[in-house]
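Peer 1: Would you mind keeping the following structure in view while I ask a few things?
The values are calculated or read from the model by the stated rules, or taken from the named source; none is laboratory data. Since the structure is predicted, the reported quantities are computational estimates derived from the model, not experimental observations. Cβ placement follows ideal geometry from the backbone for every residue including glycine, while neighbour counts extend to all protein chains displayed. Areas reflect the complete protein model, heavy atoms only, side chains present, ligands, DNA and RNA absent. Shrake-Rupley method; radii C 1.70, N 1.55, O 1.52, S 1.80 Å.
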Amino acid sequence: MPLLAFETSCDETSAAVVHAGRVLSNAVSSQIRLHAEYGGVVPELAAREHLRRLVPIARAALRQAGFGFESITAIAATQGPGLPNALLVGLKAAQAMAFAGRLPVVGIHHHEAHLYSPWIQGDPPAAQFAEFEPNVSLIVSGGHTLLVQVEGLLKHRLLGSTLDDAAGECFDKVGKLMGLSYPAGPEIDRLAGEGNPQAFAFPRPMLREPDDDFSFSGLKTSVRYYLRDHPELLANARALRDLCASVQAAIVEVLVVKTVRAAKRLGVGCVTASGGVTCNRSLRDQLVSACRREGLKLRLAERSLCTDNAAMIGILAEEKLRLNAGRASLDEEIRPGWELQQAGGDALSATSPEPSRSPVRDKR
Ligand code: KG4
Ligand code: ZN
């Protein structure tokens, strides 16, 4: 029962085929180069690119999986949150294909897909939901920083989130101040590997607050003021590496300490992490050491599944269909501001087991 999934919430156009918990293909076309010259994602350009790339990417995913469209038995797409016009391309294409093939279509919450992505492991990747244990999960991306308690499969509770900039956004904005190109996270990671994390003492925002929220805009501002007062640092390769290492150390310490502290407080024995920033080597290393020290199990999303991809959308969609927990009607709309808290049960209205035969009508 192969399922074809789409992800178009931001600047990656991705299509994947999954079958019985296994990822058969995961084609990702990144728009990073397109947006780099503007220093960030331009929503209108992103939507236009999704439109241009979606069908070729779908074809590539089907080809890699060795299936024709006629073998596909269900379709899924990211329904929210994300850039409205970008979401629109993926969801409406998915609904059109579902209509044409008389297939069920599932709208997936982007962060809910990240949340369960650490349970997709191996080569080729496969869902390991049989090994699932309750956990505290850190989702860190360019747009979001969330701490979530996952009590069971598809049962989760938001503990905290960022009050301002997301962790990835902080990496990107600080990198921009240093003259690095967008997105700066991977470059800061690389430069930090050769720098001294203790060279500059940057603040650890909200580290001592007892709640599970984060804040990163103050850290960015302190880097801005520091560079305003010491502009000569940017011309010094060694100082730049030390700056990267010091900023990274501040971000990573806050993420790791608050995640582990939440797990201990809640008496949860497992920690997971996902989202683009989970590619960061220091974050991965520090989570490994902190969890080992505290006797916690750790599951990190595989690097290829940390950044946005349709495989995680497809695996979650298959699980939702299996548990009868999610089916979107053919005329359901995108949800650009969809809260994770609503994604467990109430968000996707169940429809009749037979797919609707009525024509797709976009209400916009
Ligand atoms: O999950 P993602 O692909 O897209 C969003 O949903 O935002 O995450 C992209 C973010 C960017 O901010 C990027 O700078 C950051 O993840 N990122 C990293 C690394 N790789 C990607 N940040 C730090 N270190 C990395 N190695
Ligand atoms: Zn994401």
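Peer 1: Criterion first (surrounded by 23 or more Cβ atoms within 10 Å (Cβ to Cβ) and over 23 Å from Ile32 (Cβ atoms)) does His109 satisfy it?
Peer 2: yes
Peer 1: Continuing with the same structure: Has the range 192-204 got any residue that is part of a helix (DSSP H, G or I), within 18 Å of Gly168 (Cβ to Cβ) and not aromatic (Phe, Trp, Tyr)?
Peer 2: yes
Peer 1: Report, ordered by the first and then the second residue, all pairs with beta carbons closer than 8 Å, sequence separation of six or more or different chains, a first member in the range 98-127 that is within 15 Å of Phe6 (Cβ to Cβ), and a second member that is assigned to a helix (DSSP H, G or I) and of a type in the set (Val, Ile, Thr).
Peer 2: If the second residue must be assigned to a helix (DSSP H, G or I) and of a type in the set (Val, Ile, Thr), the pairs left are Ile108/Ile313; His110/Ile313; Ala113/Ile313; Ala113/Ile315.
Peer 1: For the range 346-362, check the following and say yes or no: at least one residue is in a helix (DSSP H, G or I), of a type outside the set (Phe, Trp, Tyr), open to solvent by 60 Å² or more (accessible area, probe 1.4 Å) and at pLDDT below 95.
Peer 2: So far as the range 346-362 goes, no, none of its residues is in a helix (DSSP H, G or I), of a type outside the set (Phe, Trp, Tyr), open to solvent by 60 Å² or more (accessible area, probe 1.4 Å) and at pLDDT below 95.
Peer 1: Could you tell me which numbered condition Pro118 fails, if it satisfies all but one of (1) part of a loop (DSSP other than H, G, I, E, B); (2) within 16 Å of ligand 2 (Cβ to nearest atom)?
Peer 2: The number of the failed condition is (1).
Peer 1: For residues that are among the aliphatic types (A, V, I, L, M), crowded, with 19+ Cβ neighbours inside 10 Å and not in a helix (DSSP H, G or I), tally how many sit in the range 205-220. Show your work before the answer.
Peer 2: Just the residues of the range 205-220 that are among the aliphatic types (A, V, I, L, M), to begin with: 206-207, 219.
Imposing the further condition that a residue be crowded, with 19+ Cβ neighbours inside 10 Å reduces the set to 206, 219.
Next cut, not in a helix (DSSP H, G or I) only: 206.
Qualifying residue count, the range 205-220: 1.
Peer 1: How about the range 224-321: which helices (runs of 4 or more DSSP H) wholly inside it have at least 3 residues that are among the charged types (D, E, K, R) and either out of contact with any helix residue (DSSP H, G or I) (no Cβ under 7 Å at 6 or more places or on another chain) or buried (at least 23 other Cβ atoms within 10 Å of the Cβ) (or both)?
Peer 2: 237-266, 281-294
Peer 1: How many of the residues in the range 305-330 are without any contact (Cβ under 8 Å) to a residue 60 or more places away in the chain and within 21 Å of the chain's Cα centre (by Cα)?
Peer 2: Summing the residues that are without any contact (Cβ under 8 Å) to a residue 60 or more places away in the chain and within 21 Å of the chain's Cα centre (by Cα) in the range 305-330 gives 0.
Peer 1: Test of understanding: among Ala61, Ala100, which residue is away from ligand 1 (no atom under 16 Å from the Cβ), of a type in the set (A, V, I, L, M), in a helix (DSSP H, G or I) and crowded, with 22+ Cβ neighbours inside 10 Å?
Peer 2: Only one candidate qualifies: Ala61.
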